[in-house]
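Report on one structure; see the data block that follows.
The values are calculated or read from the model by the stated rules, or taken from the named source; none is laboratory data. Quick caveat: nothing in here was measured; it's all calculated off a predicted structure. Counting neighbours? That spans all protein chains shown, and the Cβs are built from the backbone with ideal geometry, glycine included.
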């Protein structure tokens, strides 16, 4: 008998393990969609509408078609013979939406024709040579005007441009009748209130701006009747399902691959027209085709995020107890409903309960079509909007009552002993413990010290303010009851010959670091080195099933599936190990994984190496009775509920008195995402989220002119946050595990974008409060701040 | 966007009015004109090359002269398009006597689309001022030539 004297392996869960993905990503050794080059590959270019709203009168493709090297030019109407309207993933009524416009255009950037040519530049030149004549129609730009009778309408059958209307109030919707309960209690709460807060607020339209734009390569193999699609997508399995349906193929005839994906932030959940067009034109042209989005196309055609207008009312007692909330939300969803468009603003109302006990809530939502790029998920997807409205309103209430913003929140928190907590909107918060998180944030930030610093700065004539926000959000999407594609995740774990492990996950990463965290989990599970583990993802021919990566579900759902599959594989390894140790009468139940061995617990001398057992599993002589050879197990994990992570953010902002320029002096984030597998990766997620949340507060905004022409379609005009705009972030956390998955992990992808935005605006309002300012619309443009200072004569 | 301004000329307004609506004068005065044809009374078609930054390209356009009230005022309806996008403009030109010369007031409501629109006020206003300046300089020269 041999006992391997391997080194003791440290436990990796909870350690700051560096991302295994990064060396190849930062050294140019990774393969993105644009790196894929196939023999005979042709290139697509789209002719796009340069007007916001109009009827297509004629399209002259003759000059383009005559250009040498142009294989095919096709208009939307011609393409409609090959591709029907695009599917959506929500149950709401939606107008037909073709990949390429057939008769009418409804936003600048909407494709009207496609060129297939020998190279990318020729394709672009040919697209420029296409002449389109339009009969222009009035552009619908303002969602409130869009809803007025007599406004121009985008879609037949959608009067006053209204896509979705919903209402609930009182104690919520009666689940028996699906009707709103009697909501006279809401009116009563507002009549009896000591103090009211009323504010109209805009949560402005943003462009997601993933570093890698979208791109697709499609190869239809005639004869084999098999389609392969490589795409910069967050969810290759959903891509496979939808592209198969659009192409009239079965899922067994389609392979979808997400190679390295350079960021998604929600905008790569949607399956876009370009992906369907590439598939259809590869079949038509009999060759592989490629399309890579340029940055202007990304601004014009990749889904935008946010763009919610909120009319928010809070009722409260004079001691700060909140007694009611009314929210009327108008969502400017742009020209069409794409995959999840109509669902995103519904999350706003669902999450507007925040971390508070709200006795009564009334929520009205109207989603409106306008002549703008369609909206869909963007980092947080509905929750940042809701929490912004709520956390701004609570801050206004604190100011109205001259209360400390931390104390008014503490007073209204859902107490720790009330979890699981049912909200007015019908959600059940899995777990929560808000006060320790608030206390930790106040301590880390030195809140009292910040107040003193602010007051000292003011005494010097500087304009300085402090802000605080406390958010709760929803992660770990699932379960299947609420996710139209299914809310589970899939994973496979194979122990290879030699004791190495290959695992697959349907949670296809695009920056989440799953290759690292999932390997950490398996390393601890099997007690083998990290280097002995490979995590595969993103290819439907390798990963049998999957849903994808959105709503911070990688760890909470995908990680849970992985651990479940690892458990099954581990059980089989123990059975093979026990079979190898029959002379010692070892039972599989007595065995544990320890430092590269499978051993009797507490008796390392009774053991086999992990590698020995793996080799035996593939040459099992004799095959233990009742067992099959090999160790390759899989698992689907269906969560019973979402998870509800939370956190407290604190910031300090200074505004230049002469120029109005804001400067973020301090940013503290104390987040609680449950158990943490890799704190370094969690910090990275928070860092990126904070930058984007601060970006919304201070810099970013998609702007259209009155004709529906986008005027922020380049990085010259759309202001992204840069490193120099951001202070060193001060991060900390508390740990409140979730009971809904075996890991106790909740999710952290969106946290930074949710807490920081209202936090920074609250600080800016605090800075200008001595000037009589009670609210500032985002972004915090210097001009806007300067005017607010000047309106008060420049005097505080 | 609105583009407006005023320009002083040496000559009388009758002469200026005549020059400003003379196709041959316009063809030589407008910057980058490759073709300028009268296709019907008071209707012109032209091809212009603009060589500035992101709006560089060849544009084809139509100009219609309306509401002529010599020698005081006229209106122009202009449409042009090229690879970087297109514009539509409605311009009013007023000529008034001032001293021995003429003051021209112009005001145009410009609607742009495509790249031109996306560049917005950041670039379009500057390009327009540059082109208008070149045009006026050339007209001024022709006024002086006639006067001489």
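What's the total number of residues in the stretch A:29-45 that are buried (at least 24 other Cβ atoms within 10 Å of the Cβ), away from chain B (no Cβ under 14 Å) and in a strand (DSSP E or B)? Lay out the reasoning, then the answer.
Pass one, the stretch A:29-45, residues buried (at least 24 other Cβ atoms within 10 Å of the Cβ): A:33, A:42, A:44-45.
Those left that are additionally away from chain B (no Cβ under 14 Å): A:33, A:42, A:44.
Restricting the remaining residues to those that are in a strand (DSSP E or B) gives A:42, A:44.
Selection size over the stretch A:29-45: 2.
Is it true that residue A:483 is part of a loop (DSSP other than H, G, I, E, B), farther than 15 Å from residue A:633 by Cβ and touching a residue at least 24 places away in the same chain (Cβ under 8 Å)? It would help to see each step written out before you state the result.
Details: part of a loop (DSSP other than H, G, I, E, B): yes; farther than 15 Å from residue A:633 by Cβ: yes; touching a residue at least 24 places away in the same chain (Cβ under 8 Å): yes.
When the stated conditions are applied, residue A:483 passes them.
Would you call residue B:56 without any contact (Cβ under 8 Å) to a residue 40 or more places away in the chain and either within 14 Å of chain A (Cβ to nearest Cβ) or exposed (fewer than 14 other Cβ atoms within 10 Å of the Cβ) (or both)? Write out each step before concluding.
Details: without any contact (Cβ under 8 Å) to a residue 40 or more places away in the chain: yes; either within 14 Å of chain A (Cβ to nearest Cβ) or exposed (fewer than 14 other Cβ atoms within 10 Å of the Cβ) (or both): yes.
Against the criterion (without any contact (Cβ under 8 Å) to a residue 40 or more places away in the chain and either within 14 Å of chain A (Cβ to nearest Cβ) or exposed (fewer than 14 other Cβ atoms within 10 Å of the Cβ) (or both)), residue B:56 qualifies.
Please work out if residue B:29 is within 17 Å of residue B:134 (Cβ to Cβ), in contact with a strand residue (DSSP E or B) (Cβ under 6 Å, 6 or more places away or on another chain), more than 14 Å from every other protein chain (Cβ to nearest Cβ) and surrounded by 15 or more Cβ atoms within 10 Å (Cβ to Cβ).
Numbers: within 17 Å of residue B:134 (Cβ to Cβ): yes; in contact with a strand residue (DSSP E or B) (Cβ under 6 Å, 6 or more places away or on another chain): no; more than 14 Å from every other protein chain (Cβ to nearest Cβ): yes; surrounded by 15 or more Cβ atoms within 10 Å (Cβ to Cβ): yes.
So residue B:29 fails the test.
Go through the stretch B:110-147 and count every residue that is assigned to a helix (DSSP H, G or I), within 14 Å of another protein chain (Cβ to nearest Cβ) and touching a residue at least 60 places away in the same chain (Cβ under 8 Å).
The total comes to 8.
Residue B:100: within 14 Å of another protein chain (Cβ to nearest Cβ) and at pLDDT below 90, yes or no? Break it down into steps so the answer makes sense when it comes.
Numbers: within 14 Å of another protein chain (Cβ to nearest Cβ): no; at pLDDT below 90: yes.
It is false that residue B:100 is within 14 Å of another protein chain (Cβ to nearest Cβ) and at pLDDT below 90.
Hey, among B:107, B:77, B:49, which residue is in a strand (DSSP E or B), under 30 Å from residue A:126 (Cβ atoms) and away from chain A (no Cβ under 14 Å)?
Details: B:107 fails: under 30 Å from residue A:126 (Cβ atoms); B:77 fails: under 30 Å from residue A:126 (Cβ atoms).
Selected residue: B:49, the only one of B:107, B:77, B:49 that is in a strand (DSSP E or B), under 30 Å from residue A:126 (Cβ atoms) and away from chain A (no Cβ under 14 Å).
Tell me which of these residue B:83 doesn't satisfy, since it passes every other one: (1) within 26 Å of residue A:50 (Cβ to Cβ); (2) surrounded by 20 or more Cβ atoms within 10 Å (Cβ to Cβ).
Answer for residue B:83: the failing condition is (2).
Give me the residue from the stretch A:279-301 that is in contact with a strand residue (DSSP E or B) (Cβ under 8 Å, 6 or more places away or on another chain) and within 14 Å of chain B (Cβ to nearest Cβ) and, out of that set, surrounded by the fewest Cβ atoms within 10 Å (Cβ to Cβ).
Selected residue: A:297.
Out of A:62, A:49, A:99, which single residue is surrounded by fewer than 20 Cβ atoms within 10 Å (Cβ to Cβ) and not assigned by TED's automatic domain parsing to the domain that holds residue A:335? First the steps, then the outcome.
Details: A:49 fails: surrounded by fewer than 20 Cβ atoms within 10 Å (Cβ to Cβ); A:99 fails: surrounded by fewer than 20 Cβ atoms within 10 Å (Cβ to Cβ).
Result: A:62 is the single residue among A:62, A:49, A:99 that is surrounded by fewer than 20 Cβ atoms within 10 Å (Cβ to Cβ) and not assigned by TED's automatic domain parsing to the domain that holds residue A:335.
Suppose we filter B:94, B:90 for residues that are within 14 Å of another protein chain (Cβ to nearest Cβ), part of a strand (DSSP E or B) and surrounded by fewer than 16 Cβ atoms within 10 Å (Cβ to Cβ); which single one remains?
Details: B:94 fails: within 14 Å of another protein chain (Cβ to nearest Cβ).
None of the others qualify; the one that does is B:90.
Please go through (1) surrounded by fewer than 24 Cβ atoms within 10 Å (Cβ to Cβ); (2) in a helix (DSSP H, G or I) for residue A:559 and return the number of the only condition it doesn't satisfy.
(1)
Going through the stretch A:536-552 one residue at a time, which ones are under 19 Å from residue A:682 (Cα atoms) and in contact with a strand residue (DSSP E or B) (Cβ under 7 Å, 6 or more places away or on another chain)?
Scanning the stretch A:536-552 gives A:551, A:552.
Considering (1) surrounded by fewer than 18 Cβ atoms within 10 Å (Cβ to Cβ); (2) without any contact (Cβ under 8 Å) to a residue 60 or more places away in the chain, say which one residue A:133 fails and leave the rest.
(2)
Taking the condition of being assigned to a helix (DSSP H, G or I) and either modelled with pLDDT under 85 or out of contact with any helix residue (DSSP H, G or I) (no Cβ under 6 Å at 6 or more places or on another chain) (or both), how many residues in the stretch B:16-28 meet it? Lay out the reasoning, then the answer.
Step one: filter the stretch B:16-28 for residues assigned to a helix (DSSP H, G or I), giving B:16-20, B:23-28.
Subsequent filtering for residues that are either modelled with pLDDT under 85 or out of contact with any helix residue (DSSP H, G or I) (no Cβ under 6 Å at 6 or more places or on another chain) (or both) retains B:16-18, B:20, B:23-24, B:26-28.
Residues in the stretch B:16-28 being assigned to a helix (DSSP H, G or I) and either modelled with pLDDT under 85 or out of contact with any helix residue (DSSP H, G or I) (no Cβ under 6 Å at 6 or more places or on another chain) (or both): 9 in total.
Where in the stretch A:97-170 are there strands (runs of 3 or more DSSP E), lying fully within it, with 2 or more residues that are more than 28 Å from residue A:204 (Cα to Cα)?
Strands (runs of 3 or more DSSP E) meeting the threshold: A:111-117, A:131-136.
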